[in-house]
Amino acid sequence: MNCLYCKLAVTNLKNNRQFYLPYILAGIVSAMMFYIMRAIQGSKAIAAMRGADTVYLILTMGLVIVALCTGIFLFYTNSFVMKRRKKELGVYNILGMEKKHIAKVMAWESVILYVLTVCGGLVLGIVFHKLVAMFLAKLTGMSESIPFYVSGWGCLQTVELFGLVYVLMLFYNFLQVSLANPVALLHGNSVGEREPKVKWISAVAGIGCIVAGYYIAVTVQGILEAVNMFFIAVLLVIVGTYALFLSVSIAFLKILKNNKKYYYQTTHFITVSGMLYRMKRNAVGLANICVLSTMVLVIISTTVCLYAGVEDSLKQNFPKEISATQYFDHVPARADREYLVEQVAAAAKKQNREMTDVSSYMDIVTVIHMDGNVIERYDNENPAYDFTDMGMLYVMARADYEKFTGHTYEPIAPGSVMVAASHLFEEDSIEIFGTTYLVADKTTFPDDFPDSELQAVLGNKQVIYIVVEDEQALEPFAAYEVRHHIELDTDGTPEERKAFATAVEEALGACKETTAFTSGMLMSRAHQREEYMALNGGFLFLGLFLGILFLMITVMIIYYKQTSEGYEDRERFAIMTKVGMGRDVVKAAINTQVRTVFFMPIIVAVLHLTMAFPMLKIIMYVFGLMNTELFVGCLVVTSVVFAVIYFIVFRITSRSYYRIVY
Amino acid sequence: MSILKVKNVSKIYTTRFGSTKVQALSNMNFTVEQGEYVAIMGESGSGKTTLLNILASLDRPTSGEVLLNGKNLTSIKEKEISAFRRDNLGFVFQDFNLLDNFSLKDNILLPLVLQRKPVAEMEERLTPIAERLGIAQLLEKYPYEVSGGQKQRTAVARAIITSPQLILADEPTGALDSKASAGLLHVFREINRDGQTILMVTHSTNAASHADRIMFIKDGEVFHQLYRGNLTNEQLYARISDTLTVLAQKAEGAQFPPECQFNRTDSGAGLQKADEMYVS
C-alpha cells in the first residue's frame with residue numbers, strides 16, 4: 001500500500017519536473033552553501049590561523065543569513081509550485097482519494113525532495129568545501145594548507161535545518177489541501193482577477209519615501225550622520241520600492257489608460273492592459289527582485305572595493321610603516337625622548353634595516369567641549385552634552401608643531417598661544433580649562449594631520465590645536481594624556497618589516513623604566529596589512545557568497561515568474577489570435593511586456609545604487625577607504641556584470657516562457 | 001449571390017509519424033448565400049470543428065478550396081491571414097473568449113484597435129451596437145462581473161463591430177441557460193434580418209431551429225440539408241428532430257426511411273435546391 005503512494009509521488013514529481021527541477025537544484029545549491037559555510041566556520045584549520053577571530057565572526061553572520069534566506073526562499077518556491085498543482089490534487093480528490101491519502105502522497109513527495117536536496121547538497125558541499133576554503137584562505141591571506149575533511153557538525157546541521165524547513169512546508173501544504181474543497185482545488189489557479197485599483201495614497205507615500213531616502217543619501221554629511229541615517233534611508237527606499245511596484249506603477253498605467261488617444265492604439269492597447277494585470281500579480285515579486293538586486297550590487301561592490309583598496313586604506317590610515325606612541329603622565333625630558341629615538345635606531349641597526357623619514361614629536365590630547373572661545377573638559381555625566389558636542393584638543397610645543405607641519409612660526413610669548421584649526425579661529429583670546437590665553441597667532445591645518453579619521457567623525461570644527469612656545473609652557477596640561485610619537489618608514493620584505501616592528505616594540509618596551517612612560521603602543525603597517533586582508537578578504541568572501549546566494553534566489557524568482565506568467569498568458573494570446581491578431585503582433589506585445597517587467601527591477605536597482613553612492617562613499621570612510629575612483633569603478637563593474645548575468649538568465653527563462661505560450 | 005463557397009474540401013490528419021490517418025473532412029461541398037443564416041449540425045467527431053477551423057482560416061484543408069466573397073482562403077499568405085480574418089470574419093465562441101483584463105467596451109473594440117481605427121470612429125460604431133444588444137449600461141464592467149448571456153452578447157458585439165462578411169458561431173448557446181439562449185438567438189435573428197450572414201455550428205436543435213437552413217454533417221460530409229421555407233420555428237424544430245433520429249438510426253445500420261424523403265417536396269418550399277439535398 002505504501003509503495004503505491006510512493007510510486008504516485010515519484011510519478012507526480014516526474015510529471016511536474018518543470019517546476020521541481022529548478023526547485024531541487026536551488027535546494028541543493030542552498031544546502032551546499034550552508035554546509036560549506038558551516039564547515040569552514042567550524043574548521044579547526046581556520047581557527048588556528050591568525051585573524052581567525054574576525055573571519056569566524058563574519059562566517060557566523062553569513063551562516064545565519066544563509067539559513068534565513070534558504071528557509072524563506074524554499075517556502076516561496078514551494079508555495080508557487082503548490083499553487084500550480086492544486087488542480088492535480090483536486091483531480092485526485094474527485095477520483096476518490098481521501099485527503100489523508102493525498103497527504104500521504106504529499107508526505108512521500110516531501111521525503112523524496114528532502115533526501116534528494118540534502119544528499120545532493122552534502123555531496124557537492126563536501127566536494128567543493130576544500131576549494132571554497134582555499135579561496136577564502138587566499139582572499140584573507142592565510143597561508144596554512146587546508147586539509148580535505150568532512151564536517152560532522154556541518155552535515156548534521158544541514159540535515160536539521162533542511163529537515164525543519166521541509167517539515168514546515170509539508171504542514172503548510174497539508175493546511176492548503178485540508179482547507180480547500182475539491183472544486184476549489186480544481187479551479188485553484190483560475191480565479192477571475194479583478195482589475196487593480198489605484199491606491200493614490202500609497203502611490204504618493206511611496207514616491208515620498210523614495211525621494212526622502214534619496215534626499216538623505218545625497219545630502220548626508222560626515223560619517224556619524226551617514227552611519228546614523230543609513231538605515232533610515234535604506235528603510236525608506238525599501239518601503240518606497242514596494243510602493244513603487246505595487247501602487248505607483250498601477251497609477252501610472254491607469255493614467256495612460258485614461259488617455260484614449262494613447263490607449264486605443266494596437267500596441268499600447270495590449271501592453272497597457274496587460275501590464276496592469278502583470279503588475280498586480282507580480283508587484284511583490286518584482287519588488288523582491290529589485291531589493292535583492294540592490295543588495296547584491298551593494299554587497300559585492302563594497303566588498304570588492306574594500307578588498308581592492310586594502311593598500312589605499314593602509315596608506316591612508318598608516319602613513320608611515322611604523323608608528324610608535326608612548327604615553328606619559330608628565331612632560332618627558334628632552335633627553336628621554338632622544339633616548340627613545342636612539343633605541344629605535346639601534347633596533348634598526350640590529351635588524352639591518354634602513355630607516356627613512358623618521359620623525360618624532362610630542363603632543364597632549366584630551367576630550368573637550370568647545371563653545372565659542374571657551375574650552376571645557378568633556379564631562380560624560382553632564383546631560384547638557386551629547387556625543388556630537390565632543391571635541392578634541394591637542395596641545396603641542398612650537399618646535400614639535402613645526403616638525404609636524406614642516407613650517408616655521410614666530411616665537412610665542414608666555415601667556416599666549418597659537419591656535420590651529422581647520423577653520424580660521426576668530427577670537428583674540430581663548431579660555432582653556434579656566435585659564436585665559438591671548439591668541440598670538442592663528443593658522444589652519446595642513447592636510448595631513450594626525451587623527452584624520454577622528455576629525456571626519458567629529459566634524460571639522462570640533463578639533464583644535466593649541467601651540468605653546470616650549471615644554472615648560474606644556475606643564476599646565478601635563479595632567480592629560482601626554483604622547484610621544486616616533487614615526488618612520490623602512491625597507492625590507494614584509495617578513496623583515498614585521499620582525500623589525502616587533503624588535504622596535506621590544507626595544508621601546510625595555511625603556512619603560514628608564515624613561516618612565518606609562519604605556520606604549522606600536523602600529524606596524526605590515527602587521528595591519530594582515531589584519532586588513534583578514535577583515536576585508538573575509539568580507540569579500542561573505543559578499544561573494546551571499547551575492548551568489550541572492551543571485552540564485554533572484555534567478556529562481558524570475559524563472560518561476562516567467563513560467564507562471566506563461567501559463568496565464570497562453571489563454572489570453574490564444575483568444576487574441578482567434579480575434580484576428582497576427583502572431584508577430586502577439587509576439588511583439590509579449591516581448592514588450594516581458595522585457596518591461598523583468599528589466600524594471602534592475603533599472604530601479606541601479607538607480608537606487610546611483611543615488612546611494614554619496615552615502616556609501618562616506619560609509620566606506622569608516623572602513624578606511626577614501627579612494628572614490630576605485631569605488632566608482634567597483635560599482636560600475638559590479639553593475640555591468642550583474643546586468644549581463646541578469647540578461648542571460650532572462651534569455652534562458654524567456655525560452656521556457658515562449659515554449660509555454662506558443 | 002453566394003458569399004461562401006466550399007469546394008471539394010478534404011482534411012486528413014496524420015499522426016506524428018504518419019502511421020495513422022484520420023479523414024476529418026472528405027470532399028465537402030456547399031455554398032452560403034449573402035444574408036443567409038445557416039446552422040450546421042452533427043455529432044461529435046463529425047468534422048464540424050475541423051470545418052469551422054478551415055472556414056476561420058485557422059487551419060488549411062488538405063485539398064479543395066474555400067472561397068469567401070470570391071477570395072480563396074487557402075491561397076492567402078500566412079502573414080496576411082490574421083488581417084484577413086480580422087477584416088472579413090466575426091467569431092462567436094461557446095466559451096465567449098472574452099479577455100478578462102479588458103472591460104466589455106475594450107473587448108468589443110479590440111478588433112477595431114487591431115485595425116487601427118481612430119478613436120472617434122470606434123465610439124461611433126460602438127454606441128448603436130451596444131444599444132442594440134442591450135449592453136450599453138455594462139460597457140465599463142469586466143467579463144467576470146456580468147452573466148453568461150451578457151458575455152455572449154458582448155462577444156456578438158465584438159464579432160459584428162467590424163461589419164464582417166460572415167459571422168462564424170461555434171456552439172454559441174453551449175454555455176448559456178435557456179433564457180440566455182433564447183435572448184442570443186433573438187439577437188442572431190435580428191442581425192441576420194439586417195443582412196448579416198451567419199454560419200452557426202451547434203448541437204442544439206432549438207438553436208438550429210432558428211436558422212434558415214440546417215446542414216447535417218456526418219463523417220466529414222454534408223449528409224443532409226433542411227430549408228426553413230414557410231415553417232415556423234416549432235415546425236422546423238420537429239423536422240430537425242426527425243432528421244436527427246433518422247441520422248442516428250442510420251448510424252446503426254438502418255436505411256434512410258422513405259417517409260423522410262418528403263422533405264424534398266414538402267409544402268413546395270422545403271427545398272429549392274434538390275441537387276444539394278444529398279451530397280453523399
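Values as computed for the structure displayed
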{"quantity": "DSSP-defined beta bridges in the protein assembly as shown - what % are antiparallel, rounded to 5", "calculated": "65"}
{"quantity": "Calculated FRET value between residue A:252 and residue A:339, using beta carbons and R₀ = 51 Å, to 0.05", "calculated": "0.10"}
{"quantity": "Computed lengthening from residue A:150 to residue A:25, 0.36 nm per intervening residue step minus Cα-Cα distance", "calculated": "42.8 nm"}
{"quantity": "Burial ordering of B:202, A:628, fewest other beta-carbon atoms within 10 Å first", "calculated": "A:628, B:202"}
{"quantity": "Prolate/oblate/rounded call for region B:2-252, Cα gyration tensor, a/c under 1.5 rounded", "calculated": "oblate"}
{"quantity": "With Cα atoms, 0 to 90° folded angle of helix B:78-88 axis to chain B main axis", "calculated": "80"}
{"quantity": "Residues whose placed amide H lies under 5 Å from that of residue B:36, excluding near-sequence neighbours", "calculated": "B:198"}
{"quantity": "Difference of contour (0.36 nm per residue) and Cα-Cα distance, residue A:571 to residue A:636", "calculated": "19.3 nm"}
{"quantity": "Qualifying aspartates and glutamates (Cα of each under 19 Å from Cα of residue B:117; at least 8 residues distant if same chain)", "calculated": "B:80, B:87, B:106"}
{"quantity": "Net length gained if the chain between residue A:493 and residue A:225 were fully extended (0.36 nm per residue, minus Cα distance)", "calculated": "92.4 nm"}
{"quantity": "Mean separation of Cα contacts under 8 Å (6+ apart) over length of chain B, as relative contact order %", "calculated": "23"}
{"quantity": "Selection from B:169, B:245, A:542, by position along the positive dipole direction of the protein assembly as shown (Cβ)", "calculated": "B:245"}
{"quantity": "Region A:515-526 - phi-based ³J(HN,Hα) in whole Hz, Karplus 6.51/-1.76/1.60, Gly and Pro as x", "calculated": "9, 6, 8, 7, 7, x, 9, 9, 10, 10, 5, 4"}
{"quantity": "Electrostatic dipole magnitude of region B:2-252 [Cβ: Lys, Arg +1; Asp, Glu -1; Cα centre; debye, to 20]", "calculated": "560"}
{"quantity": "Residue among A:57, A:122, A:3 farthest towards the positive dipole end of region A:1-191, charges placed on Cβ", "calculated": "A:3"}
{"quantity": "FRET efficiency estimate (nearest 0.05) - Cβ-Cβ, residue A:201 to residue A:531, R0 60 angstrom", "calculated": "0.75"}
{"quantity": "Region A:1-191: C-alpha gyration tensor shape, a/c 1.5 cut-off, then a/b vs b/c", "calculated": "prolate"}
{"quantity": "Cα lying deepest toward the dipole's positive end in the protein assembly as shown, options A:438, A:374, A:112, charges on Cβ", "calculated": "A:112"}
{"quantity": "Trypsin sites (Lys or Arg not before Pro) restricted to region B:102-134 and DSSP loop, no more than 16 other C-beta within 10 Å", "calculated": "B:116"}
{"quantity": "Candidates per trypsin sites (Lys or Arg not before Pro) in region B:143-188, loop by DSSP, up to 10 other Cβ within 10 Å", "calculated": "none"}
{"quantity": "Point-to-point label distance, residue A:178-residue A:478, nm (Cα→Cβ direction, 7 Å offset)", "calculated": "8.3"}
{"quantity": "Quotient of C-alpha Rg and 2.2 N^0.38 Å, computed over region A:490-588", "calculated": "2.58"}
{"quantity": "Two-site label geometry, residue A:215 and residue A:68: point separation in nm, points 7 Å out along Cα→Cβ", "calculated": "3.0"}
{"quantity": "Computed [θ] at 222 nm, helices only, for the protein assembly as shown once each DSSP H run of length n ≥ 4 contributes -39500 (n - 2.57)", "calculated": "-20000 deg cm²/dmol"}
{"quantity": "Taking region A:362-431 and dividing mean pair separation by its residue count, relative contact order in percent (alpha carbons under 8 Å, at least six apart)", "calculated": "35"}
{"quantity": "For region A:319-521: span of alpha carbons on each principal axis (Å, largest first)", "calculated": "51, 34, 31"}
{"quantity": "Interchain or long-range residues, amide H under 5 Å from residue B:25's placed H", "calculated": "B:11"}
{"quantity": "Order of A:407, A:268 - criterion: other Cβ atoms within 10 Å of each residue's Cβ, fewest first", "calculated": "A:407, A:268"}
{"quantity": "FRET efficiency estimate (nearest 0.05) - Cβ-Cβ, residue B:248 to residue B:23, R0 25 angstrom", "calculated": "0.75"}
{"quantity": "Where labels lie 7 Å past Cα in the beta-carbon direction, separation of residue A:10 and residue A:518 in nm", "calculated": "7.8"}
{"quantity": "Average Cα contact separation per residue, chain A, under 8 Å, 6 or more apart, as relative contact order %", "calculated": "20"}
{"quantity": "Assigned charges on the beta-carbon of Lys, Arg, Asp, Glu; region A:1-191 dipole about Cα centre (debye)", "calculated": "460"}
{"quantity": "Whole-Hz couplings from phi, Karplus 6.51/-1.76/1.60, listed for region A:231-239; x for Gly and Pro", "calculated": "5, 5, 4, 4, 4, 4, 5, 5, 4"}
{"quantity": "Amide H partners (placed H, <5 Å) of residue B:218, local residues excluded", "calculated": "B:223"}
{"quantity": "Hz values of 3J(HN,Hα) by residue in region B:38-51 - Karplus curve (6.51, -1.76, 1.60), Gly and Pro given as x", "calculated": "10, 10, 10, 10, x, 5, 4, x, 7, x, 4, 5, 4, 4"}
{"quantity": "Across A:561/B:105; A:261/A:587; A:138/A:315; B:7/B:48; A:86/A:199, pairs whose alpha-carbon gap is larger than 27 Å", "calculated": "A:561/B:105; A:86/A:199"}
{"quantity": "Once the Cα gyration tensor of the protein assembly as shown is diagonalised, semi-axes √(5λ) in Å", "calculated": "85, 32, 21"}
{"quantity": "Helix A:99-140 axis, angle to chain A major axis (alpha carbon atoms, nearest 10°)", "calculated": "30"}
{"quantity": "With Cα atoms, 0 to 90° folded angle of helix A:52-94 axis to chain A main axis", "calculated": "10"}
{"quantity": "Net charge dipole size for the protein assembly as shown [Lys, Arg +1 and Asp, Glu -1 on Cβ; Debye, nearest 20]", "calculated": "7140"}
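Every number here is computed from the coordinates shown, using simple stated rules; none is lab data. Since the model is a prediction, treat every value here as computed from it, not as a measurement. Please note: Cβ atoms are built from the backbone with ideal geometry, for glycine as well, and neighbour counts cover all protein chains shown.
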